[in-house]
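To start, the structure itself, in structure tokens.
The values are calculated or read from the model by the stated rules, or taken from the named source; none is laboratory data. None of the values given here were measured: they were computed from a predicted structure. Methodologically, a virtual Cβ is constructed for each residue, glycine included, from the backbone with ideal geometry; neighbour enumeration extends over all protein chains shown. Surface areas here come from the heavy atoms of the whole protein model, side chains and all, with no ligands, DNA or RNA. Shrake-Rupley method; radii C 1.70, N 1.55, O 1.52, S 1.80 Å.
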Amino acid sequence: MRDGFLVSIFRQTVRGMRDLLSDEAEMLRDIEEKARESAKLFGYREIITPILENYDLLAAKIGEENRKRMYVFEDLGGRKVALRPEFTASVARVVATRMASAPKPIRFFSAGSLYRYDEPQFGRYREFWQVNYELMGSDRPEADAEILSISNNLVWDLGLKDYSFKINSVGIIRSVLDKERIDEEKQNEIMQLLDKKQQKEALALVRRSGGSQKSLSILEELFQLKGEENTVIGELKKVIENYPEATKAADNLSEILRLFKSTNPQCSVTLEAGFARGLEYYTGIIFEIFVSGINIAVGGGGRYDGLLDLFSSGSGSIPAVGVALGIDRLALALQKQGATRQREDNIQVVVIPVDDQSRIEAFKKSSLLRKKGIKTEVEVMGRSVSRALSDADKKDVDYAIIIGPEETEEGLVVLRDMKKRIQEKHSLEEAARIIISHMNLEM
Ligand code: AMP
């Protein structure tokens, strides 16, 4: 008798964790593969870093909200470790500690699962998958524009329609706060509130931190500014005309967009001067990608020039910019837009032995077929030929190869065309030729 308590535990996954059955798993891997192709096209080489990292590495600069949501525990050696909530810290660690003097820029691609103790809801899980592109070693707008382009390339290649980039530069709001001498810690809190769209609360915190009335009204004006980047940038520059650092940030944003738009003129870009992201390490452009039909971002990124210095032993600073796209959400967006996945993995052939004596022959023949690249399943349930054939019908198999003592004696097999419901004897070579020419026709 099985323990009832254990059975009830096995029935469900840990909250926020999912089993991805084959259709979902294959979809996830398809998207990952497309992202890998984009990486290769743009010269990003893949790296694999551990899922488990030192807590302190991951906690540095990730932002209070994200820090609270990490899966943290002590390993058996007493080390404080955590499941990675993002890739950037790990990639930054690799570059800062092992590649500080390598030729720049360094372009890295990563893909894998991440863990955040978020409240589960539509498109938000505690284990989810991302593809990630990081470009390290350049502080120039070309680098930022490339990261926008590779993101656009992937979303476009996946076949998503009606998507847009929401962008801003953290330099704009931060330089207003700098002028008010609001310290970094308070600034981070203010940015976190903005990330959660709590603008009133953010303004109240600026006031409590000693921000002047003038700064408050400038911030309020900034928070109203959103729209197509070409039209908004002019208004934005008027609002911040007395803030040289903010003006520099806005000019930098303009230049990035000019470069990006030169090769992606159709891409919709909205500038939102009150938009912030939760991660503390951003220093320049920040952006998110939204697809119509799902009201959550499918990707996000930005420039983070100081992060690598934090992990290096001071051999010169390495500026960086990157983006992460959520595979689960890209899949949701594709589903919403009605994109159907082309199944390429149908089994073409089922090999059925008619009796126990023919099992070895069935094994040998299936192995020969697979060597020719034919997807082949062998009957392993000991069923009668008619039951095995009716199962093959349900699975949409193209051909059955039936093997009995008589055929084995003759050196032949029975090849059954499952769609036409006709069967003939052939040598295995001839049967394979017929199947392959059918496969080529299908392609
Ligand atoms: P971030 O690492 O926070 O910049 O997020 C980048 C992308 O990862 C988001 O735009 C989402 O597509 C995806 N993402 C972030 N958190 C989650 C989550 N809890 N569940 C599913 N996808 C997520």
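Descriptive notes on the structure:
- Cβ pairs under 7 Å, 6+ apart, first in the stretch 312-332 and free of Cβ contacts under 8 Å to residues at least 12 places away in the same chain and part of a strand (DSSP E or B), second surrounded by fewer than 21 Cβ atoms within 10 Å (Cβ to Cβ) and β-branched (V, I, T): none
- Residue within the stretch 68-78 that is surrounded by fewer than 15 Cβ atoms within 10 Å (Cβ to Cβ) and either within 19 Å of the chain's Cα centre (by Cα) or within 15 Å of the ligand (Cβ to nearest atom) (or both) present: yes
- Test: residue in the stretch 366-381 that is crowded, with 17+ Cβ neighbours inside 10 Å, within 16 Å of the ligand (Cβ to nearest atom) and in contact (Cβ under 8 Å) with a residue 12 or more places away in the chain: no
- Across the stretch 252-274, a minimum of one residue is classified as over 20 Å from P141 (Cα atoms) and either among the small types (G, A, S) or within 16 Å of the ligand (Cβ to nearest atom) (or both).
- Just one of the numbered conditions (1) touching a residue at least 40 places away in the same chain (Cβ under 8 Å); (2) open to solvent by 70 Å² or more (accessible area, probe 1.4 Å) is not true of I296: (2).
- Condition met for V380 (among the hydrophobic types (A, V, I, L, M, F, W, C), at pLDDT 95 or above and farther than 17 Å from V414 by Cβ): yes
- Single residue of I147, I173 found to be open to solvent by less than 20 Å² (accessible area, probe 1.4 Å) and under 16 Å from the mean Cα position of the chain (by Cα): I147
- Selection count where residues are within 11 Å of the ligand (Cβ to nearest atom) and part of a strand (DSSP E or B), scope the stretch 275-298: 8
- Listed by position, the strands (runs of 3 or more DSSP E) enclosed by the stretch 395-443 that each have at least 3 residues that are crowded, with 20+ Cβ neighbours inside 10 Å and in contact with a helix residue (DSSP H, G or I) (Cβ under 8 Å, 6 or more places away or on another chain) are 399-403, 413-417.
- Qualifying residue in the stretch 326-340 (condition: within 16 Å of the ligand (Cβ to nearest atom), within 25 Å of V232 (Cα to Cα), hydrophobic (A, V, I, L, M, F, W, C) and at pLDDT 95 or above): no
- Scanning the stretch 299-321 for residues that are open to solvent by less than 30 Å² (accessible area, probe 1.4 Å) and more than 15 Å from the ligand (Cβ to nearest atom) turns up L308, S312, I318, P319.
- Listed here are the helices (runs of 4 or more DSSP H) enclosed by the stretch 15-129 that have at least 1 residues being of a type outside the set (A, V, I, L, M) and touching a Ser or Thr at 6+ places or on another chain (Cβ under 6 Å): 88-98.
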